[in-house]
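Bear in mind these aren't lab numbers, they're just calculated from the coordinates by the rules spelled out. Nothing here was measured: the structure is a model prediction, and the numbers come from that model. Heads up, the Cβs are rebuilt from the backbone with ideal geometry, glycines too, and the neighbour counts pull from every protein chain shown.
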Amino acid sequence: MTQRRKPSPVPPGFTVFPPPSKFFATLGKVYLRDDGSGAPPVYGLHLRPKHANRHGTGHGGFLATLADTFMAGFIYHQRPETGKMWTTQLTLDYRRPAPMGAWLECHLTELKVEGDILNVQCELRVGALVTNRASATFKIAERRVR
């Protein structure tokens with residue numbers, strides 16, 4: 001059985017990220033660290049009981065949803081001209097359980113663009129430990145007109 005942790009404080013540099021959609025708001029309070037340098041942001045949140053599986057760790061479906069949602073966020077941050085898109089493939093490697101109360105961060109590890117196809121990779125981490133590695137392919141359906 002995995003032990004529950006008391007929620008840790010929000011690390012310095014993170015601010016509340018206003019949910020861009022009603023669905024995003026269901027994930028709980030999400031934070032963002034963006035230093036304004038053009039480097040990829042880092043998303044973070046506390047794992048809450050509503051995010052748990054029956055073993056008291058992060059539910060696999062919830063972690064997949066986070067990875068998919070945050071990878072799309074990385075695309076919009078790095079390539080703001082991207083318009084409507086959808087996920088065409090998502091792969092998640094479950095490396096270790098993510099305990100309740102843990103501060104979970106999502107870090108971009110790779111973003112490749114080939115025409116209207118975007119390939120993204122990220123890691124979900126608790127401290128220095130990688131809990132999940134994810135990769136996804138997105139298809140751009142429509143670009144933003146500026």
Taking the chain and counting helices only, DSSP H stretches of n ≥ 4 at -39,500 (n - 2.57) each over all residues, the nearest-500 ellipticity at 222 nm comes to -5000 deg cm²/dmol
Listed by chain and number, the residues whose amide H is under 5 Å from that of residue 98, excluding neighbours fewer than 5 places away on the same chain and using placed H, are 58
Lysine pairs in the chain with Cα distance under 21 Å, only those 8 or more apart or on different chains: how many are there?
8
Find which of 122, 104, 137 sits farthest along the positive direction of the dipole of the stretch 15-142, computed with +1 on the beta-carbon of Lys and Arg, -1 on that of Asp and Glu, about the Cα centre.
104
Mind pulling the angle between the C-alpha long axis of helix 60-78 and the longest principal axis of the chain? Nearest 10 degrees, somewhere in 0 to 90.
40 degrees
So, in Å, what gap is there between the alpha-carbon centers of the stretch 15-34 and the stretch 105-130?
18 Å
Quick one: Karplus J couplings for the stretch 32-44, per residue in order, coefficients 6.51, -1.76, 1.60, θ = phi - 60°, nearest Hz, x for Gly and Pro?
9, 10, 9, 7, x, 7, x, 5, x, x, 10, 9, x
Counting all C-alpha pairs of the chain, share separated by more than 19 Å (%):
52 percent
